[in-house]
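Here is the structure we will look at.
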Amino acid sequence: MRSSQSHVPGGTAMAKKQYAVIGMGRFGSSVAQTLTNLGFDVLAIDASEQRIQEACNVVTHAVSADCTDEEAVRALGIRNFDVVVVAIGQDIQASILTTLILKDLGVPKIIVKAQSELHGKVLKKIGADKVVYPERDMGMRVAHHLISPNIVDFIELSDDYSILEIKAPAQMIGQTLKQLDVRAKYRCNVMAIKSNGQMNISPYADDRINAEDVLVIVGKNEDLATFEHVFSEQYKNG
């Protein structure tokens with residue numbers, strides 16, 4: 001498949017990225033449908049005819065194929081896709097073999113779903129450009145929300161650093177960032193404030209926290225944990 005063309009203001013043609021998603025389980029189907037809804041061409045691939053029939057109504061193209069068979073994958077023209085997402089479920093061996101085949105065929109970018117940290121390490125060693133852990137990440141988000149209802153989201157940036165989104169606790173409302181002094185007290189940085197649907201990037205020290213604001217905070221995981229613990233305790237006691 002060749003990259004299709006989209007047009008930007010001024011009449012300039014721009015190549016639109018094409019994606020292939022291998023594995024039409026819950027995660028793969030969600031990725032494929034979201035990419036399609038965003039206007040991209042998506043090829044869905046799964047060994048199950050039933051899953052492919054279901055995917056036909058969602059994505060641009062859908063085909064049944066065994067992606068552990070190199071000739072079958074080659075016949076799909078997979079190397080012409082900009083990004084391939086390997087979303088194979090519980091079969092770790094199939095996930096690894098498929099990733100190896102994609103790498104050998106010269107796919108520009110390979111993103112793979114991992115079941116465990118060990119699985120992820122193997123995938124990185126054999127050439128996966130990005131490894132994702134949807135079950136682990138969702139578990140982390142749920143756990144952080146359980147700590148405090150104020151927590152909106154938690155995104156891991158690396159093994160050491162993360163981003164926390166938290167609704168402004170009552171104790172913060174009316175205070176400026178300078179008064180809160182989050183950096184000195186918790187060694188974290190307020191990198192943005194969401195207020196009334198608007199994102200204030202790199203807010204000033206004199207910016208005041210209002211009710212319903214959401215703070216976007218970046219820091220080391222242990223420092224964010226301290227911050228969460230302090231404000232979850234204040235929430236329970238307040």
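The values are calculated or read from the model by the stated rules, or taken from the named source; none is laboratory data. Predicted, not measured: the structure shown is a model, and the values here were computed from it. Virtual Cβ from ideal backbone geometry, glycine too; neighbours counted across all protein chains shown. Note: accessible area is taken over every heavy atom of the protein model, side chains too, but ligands, DNA and RNA are not part of it. Shrake-Rupley method; radii C 1.70, N 1.55, O 1.52, S 1.80 Å.
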**Request:** With a cut-off of at least 1 residues that are closer than 19 Å to ASN221 by Cα, touching a strand residue (DSSP E or B) at 6+ places or on another chain (Cβ under 7 Å) and in contact (Cβ under 8 Å) with a residue 12 or more places away in the chain, name the strands (runs of 3 or more DSSP E) lying wholly within region 137-209.
**Result:** 151-156, 161-167, 189-195
**Message:** Name the single residue that is surrounded by the fewest Cβ atoms within 10 Å (Cβ to Cβ) among those in region 149-175 being under 18 Å from ARG187 (Cβ atoms) and aliphatic (A, V, I, L, M).
**Reply:** LEU157
**Residues (small (Gly, Ala, Ser) and in contact (Cβ under 8 Å) with a residue 12 or more places away in the chain) located in region 210-231** = ALA211, GLY219
**Complete:** ASP66 passes all but one of the listed conditions (1) of a type in the set (D, E, K, R); (2) under 21 Å from GLU49 (Cβ atoms); (3) part of a helix (DSSP H, G or I); the exception is number (3)
**Request:** All but one of (1) open to solvent by 20 Å² or more (accessible area, probe 1.4 Å); (2) closer than 11 Å to ALA20 by Cβ hold for VAL83, so report the exception by its number.
**Result:** (1)
**Prompt:** So, in region 118-148, of the ones that are exposed (fewer than 15 other Cβ atoms within 10 Å of the Cβ) and among the small types (Gly, Ala, Ser), which residue ends up farthest from VAL214 (Cα to Cα)?
**Reply:** GLY127
